[in-house]
Amino acid sequence: MKILISFLFIANFCFCQKTIIGKVVNTTGGEVPFATVQMILKDKVIEYTATDENGYFEINYNPTTSANGLLKVTHMSFVSKNWELNSLDLKDKIVLSLVEKTETLNEVTVQNKLSYAKVKGDTLSYNLKALTTGNEEKLVDVLKKLPGIDINPDGKIISQGKVINDLLVNGKKMFGDNHKIATENINAEMLKGIDLLSNFESFAAIKDVEGSNKTALNINIKEEYLGKITGNLEVFGAHDKRYQANSNLFKFNQKLNLSAILNVNNTGYQPISMKEYFSMNRSVRQELRNNDGQSNSLDTNEIPKFLLSDNNVNSKSNEFLALDFAFQSSNKLSMNGFSIVSRLKTNEISRTFKTFFDSNSTNNVVEFFSSNNDLLYNQTKLNIDYKSNDNSLVNYTLLFDPNTINTYTNLENNISNNQNSINEYFDKVNFKFGHQLSWINKIAKNKLLSFNLFQEFNKNQNDIRLDANYDLFNTGNKISQDIIEKNNDYGFYTKLTVKHHNHIFKWNIGYIVENSTFNTRNTISSNQINFDSNYATSDVVIQKNQGKLNYKVKSEWRNYFLKFKTEAENTSFILPTLQLKYNFSEIHHIMANFSKTIDFYSSSNLNENPFFENFRNYYTRSTINFSKPVVQNIYAVNYFKFDLYNGVVIMANSSYTQFGNRLSNNTTNAGNYIQIQQINTENQYSWNNVFSFETRISKIKNKFKLTLNHINSNFNNQINSQFNIQKTEFTSLRTSLISIFKNELFNYEFGLNYSQQNNNLTLFNNHDKIVQVNPFLSFNGNLKNKFNYFIDHSFEKFISKIETTNFYNLSFKLNYKTNKMKFWIEGNNILNINNAQVLKFTSKNNFTSTEVINRLAGYIGLGVGFNIK
């Protein structure tokens, strides 16, 4: 009888038991994994479960006894919510929506499939297992997979649309701003984790009182690679005497990090791009610790053309050595520094179609160009921190940057039915030495005192010889010129910071001496120009860095003491800065800012006697007013959002710069050369816009990325003393779909690069356009854990109104790896074993040009490497 009663009870229970099937989503419809779902009746939990990795759940209930019950869904990152059972349609699958928490989170962790990252305070830690496929070779391959991180064409690491301030390895700086050296040499297998550090500051006393707006990326190395020498030794040989030898050796431990990178090649690979090198040629003032003073960044010197050619050269060879160390003997003393030595040789060949404009006529010229270039440069930096206690820091930085450039160029053209031949010889020696000393002391719990001293010396010597079959500048067939430009800057800043509740008050004073000398000597004339632009400065800052609404208001007063020859002038300026930021969360914000900056031109822009730049450009006496400053008003808006749960990153940035008294030229076509007069112009602007979007598509295990850029500039000049506006519009789009399969056998990336540049000279109603279309497709994968492969396809089409060229690139690499050895076959650009040609468009002064350039030839070869573990 008892058995029968029990059987009937169980049967009745099973008959009455029902199952609720549902899904938990966020406000955008994305799934919420691992949320807790509870069945509650009379304040008691009678059943519970959790959503799976796709947000789905099933939970049982009894309609008879639980009709008045509740469904409660909780998740640490969302606001908990209750639903009454009798209000839900339980016949079909139900969808329950949660709202994200907007308050500050101490820690946010997303589990399993969607565990892309974890936020804790100012640190965002990426889950490399969830974001990588296992086929990445170097750090750069891993960084490209991280949401919110990108690598720009010059090798810089970008976060939230800005270049990061510091690259760290186990908390220690590495190679300064030379991101590419580190990212392309640290092996992916060495990586334990990667952290993005917002509000980064290595000296705790500064962060306690002032906070920070710096960003750093910290690379954590696995313990098995610590305390011993690790790295690779590799050699590669290909047909037609192409070669590459590379070694990257590291030793990382608790007190000392050592790195040595050596590369010798003629394949076209550059361990550091020239744009990055010259961007790192920074003023020592940018190294001042805890200083708010504006560092004047006006630079009217152009980077030599061949240094920006990348692979648009006929041949290239590079010899490169980089050494880096970071040492921390105790909590008091730490040092870091690096030295880079490189020699780059290139040969360039091009055919250029140029159109010269003046007020009366338009001349079309075809030029044939061949150039041999040799650059030898060194960059050395040393940084020392000494903390006598937790509240005091003494910092010293030394920068040393010498380089030499030697160039021989032959040009052939036809002007006025005359066949011209010109030889140019350039010898340039550039030298920079700077150092700074900073002392920062936390004099009270809420007060910080800083004092900075700096000195910087620059010397640039340019020697040029011209040899032609016609009369140059009406002075003969052979002429020479020596130019020596010197700049000597030094000064001090001192700053007091007081923190009151959530507000920060700063007061800064300083005095800066800037002296420049421009000395020219040629067959036409000799002259020396001296110009002093010294100034006293004081600024007041009020800012708030905590909470949802942040702001910064700054007002700087400058009083300049200008001296040019026998003339002197005293003038003052007020330079405001305003910044507003609203934080929806730690990884979701919008920011707007405005700043006004000024600077004065150097002595090289105030020339009174003529000099020549090359065989074509001849500078007459400048008309620039030495006492009138260059003014820049900069307006910017930035939006950033990182959705941890769906891997969505949205970044939008727009900046508008309005120029006053900007340097320009009045050009006149004088037949075989252009006569240039340096002048000032007004009402010029540049408008830059960037939008990027990235999302994970879980159902097909892919990542989609889209980046849009638009630049619109309006610069003024004069042609034959007639006003002209040079308008330029540049639009680019990059879109890609990247697989994130975890089987490692096969992954791909395909997409499209598109760019269009439009140029218009209003004086002649001349319009030029060049379009570049570049679809690409790449594959990679692992075969039986020992073989891995990479295949890249890309097609580039260059379209201008003068000429159209196509460039198809097919490259591959097949690796065989053992524990210690690596063997590979590599083909780069194998369909262009002979030099192909591409197009480049330039608009400058009173001419436009379309260049047909020889691009570096491809190769096929074999390589062998040895792993040091």
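None of the figures in this text is laboratory data; all of them are computed from the coordinates on show. All values derive from a computational prediction rather than experimental measurement. Positions of Cβ are backbone-derived with ideal geometry, glycine not excepted, and every protein chain shown enters the neighbour counts.
Some notes on this structure:
- With the simple spin-label model, which puts each label point 7 Å out from Cα in the Cβ direction, the Asn165 to Asn689 separation comes to 3.1 nm.
- Put simply, when 806-814, 599-607 are sorted by average Cβ atoms within 10 angstrom per residue, most first, you get 599-607, 806-814.
- With an a/c value of 1.5 or above and a/b larger than b/c for the gyration tensor axes a ≥ b ≥ c computed over the alpha-carbon atoms, the range 755-869 is described as prolate.
- If only the Cβ of Lys and Arg carry +1 and only the Cβ of Asp and Glu carry -1, the dipole of the range 636-741 around its Cα centre is close to 600 debye.
- A Förster distance of 45 Å, applied to the separation of the beta-carbon atoms of Ser655 and Tyr269, puts the FRET efficiency at 0.85.
- Label-point gap, in nm, between Asn614 and Lys801 - each point 7 angstrom along Cα→Cβ: 2.4 nm
- Backbone geometry of the range 821-838 corresponds, through the Karplus equation with coefficients 6.51, -1.76 and 1.60 at θ = phi - 60°, to 3J(HN,Hα) couplings of 10, 9, 10, 8, 10, 9, x, 10, 6, 6, 7, 10, 4, 9, 4, 8, 10, 10 Hz, x marking Gly and Pro.
- Ordering Asn614, Leu578, Leu191 by the projection of their Cα atoms onto the charge dipole of the chain, which places +1 on the Cβ of Lys and Arg and -1 on the Cβ of Asp and Glu, puts Leu191 at the extreme positive end.
- Using the Cβ-Cβ distance between Gln254 and Val864 with R0 set to 30 Å, the FRET efficiency works out to roughly 0.30.
- Helical contribution to [θ] at 222 nm, DSSP H n ≥ 4, -39,500 (n - 2.57), averaged over the chain, rounded to 500: -1000 deg cm²/dmol
- Span per principal axis, largest first, for the Cα atoms of the range 191-264 (Å): 61, 28, 19
- Under conditions of 10 °C and 1.306 mPa s, the range 496-614 yields 89 µm² s⁻¹ as its translational diffusion coefficient, taking Rh as the Kirkwood radius over Cα pairs in the Stokes-Einstein equation.
- Classified by the C-alpha gyration tensor, the range 307-452 has a prolate form. Its axis ratio a/c, with a ≥ b ≥ c, is 1.5 or above, and a/b is larger than b/c.
- Cα-derived Rg over Rh, computed across the chain with Rh taken as Kirkwood radius: 1.02
- Extension gain from Lys786 to Leu233, taking 0.36 nm per residue of separation minus the Cα-Cα distance: 197.2 nm
- Dipole of the chain, positive end: most advanced residue of Tyr493, Asn395, Asn441 [Cβ charges, Cα centre]: Asn441
- FRET efficiency for the pair Asn331 and Lys548, taken as 1/(1 + (r/R0)^6) with r the Cβ-Cβ distance and R0 = 30 Å, rounds to 0.30.
- Size of charge dipole - the chain - debye, nearest 20, with Cβ of Lys, Arg +1 and Asp, Glu -1, no other charges: 2180 debye
- Lys820 versus Thr735: modelled label distance in nm, points set 7 Å from Cα along the beta carbon direction: 5.1 nm
- Size-normalised alpha-carbon gyration radius of the range 631-760, reference 2.2 N^0.38 Å: 1.57
- Highest to lowest packing among 261-270, 204-213, scored as the average C-beta count within 10 Å: 261-270, 204-213
- Put a plus charge on the Cβ of each Lys and Arg, a minus charge on the Cβ of each Asp and Glu, and nothing anywhere else: the dipole of the range 321-402 about its Cα centre is then about 140 debye.
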